[in-house]
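Accompanying notes for the structure given below.
Every number in this text was worked out from the coordinates using simple rules, so none of it is lab data. Owing to the predicted nature of the structure, the values given are computational and were not obtained by experimental measurement. Methodologically, a virtual Cβ is constructed for each residue, glycine included, from the backbone with ideal geometry; neighbour enumeration extends over all protein chains shown.
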Amino acid sequence: MTVSSDEELAALKEIGRIVANALEAMGKAIEPGMTTRELDEIGRKVMDAAGARSAPEMIYSFPGATCISVNEEIAHGIPGDRRIGAGDLVNIDVSAEKDGFFGDTGASFAVPPVTRKVERLCRDGRRAMWAGLREVGAGKPIAGIGRAVGAFARKNGYTLVRNLASHGVGRSLHEDPTEIATWPDASERRIMEDGLVFTVEPFLSLGAEFAEDGDDPWTLYSEPRALTVQYEHTVVATRNGPLILTMPG
């Protein structure tokens, strides 16, 4: 969507804050031995208390309030009986709706003890996201996001998953502009208009280049198998650069 009023912006900021608060609470609660279902319930309670509804449940009948992916799983993991272990890499993706507006955010968390390689991967996953966010602004090319993330990945020896893209969000969870590449895409010609709402969510990896289906209808796995992190914000393109909506508060 494109923001057209202060009221719309306020509603987007509210749902952005709610999903950010849920993500923050879940990240702080992760500990070895807990199940991914128990972690999911923490996010659900934050959303319920704020009057928001899980977007994947509401739209896709996803079997959980949030997506929780562990290690070889890189996206859309189903909360369940899997127990989180010491040394695991846990990705949490939280999206929700309130009053007709949607917010979407995510982050990866390494469960101690953490190896130096995984610690660096998590740090650089955030840096990759910010490389893309710095290219957001009214009148700027969408392709600049993928070029910046791609340059960061190459310089630091990482790969990017190239079939999980960023997307428009606002009045629905996935809307125009669709398929915003967080990797270099020579065919991308679109320009960000003032007020455009979308996500920036690169998947930075130690070797994976694609996400592939697993045994259930939802969970995606790295291909080739390699540890992968994802960090995501919902953002508005403005004349002053990116306005990040998914900040806790």
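The three principal axes of the C-alpha atoms in the stretch 102-208 carry coordinate ranges of 43, 29, 22 Å, sorted with the longest axis first. A Cβ-based charge dipole, computed about the Cα centre of the chain with Lys and Arg at +1 and Asp and Glu at -1, lands at about 1080 debye.
Taking the Cα centre of the chain as the origin and placing charges on Cβ (Lys, Arg +1; Asp, Glu -1), which of LEU121, LEU227, ASN156 is farthest toward the positive end of the dipole? The residue sitting most towards the positive pole is ASN156. Note: relative contact order over the chain, using C-alpha pairs below 8 Å and six or more positions apart, is 23 percent. When the helices of the chain are scored as -39500 (n - 2.57) per DSSP H run of n ≥ 4 and the total is divided over every residue, the value at 222 nm lands at -10000 deg cm²/dmol. Show log10 I(q)/I(0) for the stretch 1-100 at q = 0.11, 0.15, 0.21 Å⁻¹, two decimals, from a solvent-free Debye sum over equal Cα scatterers. Ignoring solvent entirely, the Cα scatterers give -0.34, -0.59, -1.01.
Sequence-ordered 3J(HN,Hα) estimates for the stretch 91-98 from the Karplus curve with 6.51, -1.76 and 1.60 and θ = phi - 60° stand at 9, 10, 10, 10, 9, 7, 10, 8 Hz, glycine and proline given as x. Taking a ≥ b ≥ c as the square roots of the eigenvalues of the Cα gyration tensor of the chain, is the shape rounded (a/c under 1.5), prolate (a/b larger than b/c) or oblate? Verdict is oblate for the chain. Distances between placed amide hydrogens fall under 5 Å for ASP185 paired with ARG147, all partners being 5 or more residues away or on another chain.
In terms of surrounding Cβ atoms within a 10 Å radius of their Cβ, LYS13, LYS28 rank from fewest to most as LYS28, LYS13.
Stretching ALA29 away from MET247 to a fully extended chain increases their span by 76.7 nm, per 0.36 nm per residue minus the current alpha-carbon distance.
Roughly how many Å is it from the Cα centre of the stretch 171-249 to that of the stretch 2-64, as a whole number? Here the two parts' Cα centres lie 18 Å apart. As a calculated quantity, the FRET efficiency between THR2 and SER187 at R0 = 25 Å, using C-beta atoms, amounts to about 0.65.
The simple Förster model, with R0 at 22 Å and r as the Cβ-Cβ distance, assigns ASN240 and ALA151 a FRET efficiency of 0.40.
For the pair LYS117 and ILE59, what calculated FRET efficiency results from E = 1/(1 + (r/R0)^6), where r is the Cβ-Cβ distance and R0 = 41 Å, to the nearest 0.05? The formula returns an efficiency of 0.70 here. Among the listed pairs LYS13/LYS45; LYS28/LYS155; LYS117/LYS155; LYS13/LYS140, which are separated by more than 25 Å between their Cα atoms? LYS28/LYS155, as the Cα separations exceed 25 Å there. Proximity of backbone amide H atoms, modeled 1.01 Å from N, is registered between ASP104 and THR234 at under 5 Å, excluding neighbours fewer than 5 places apart on the same chain.
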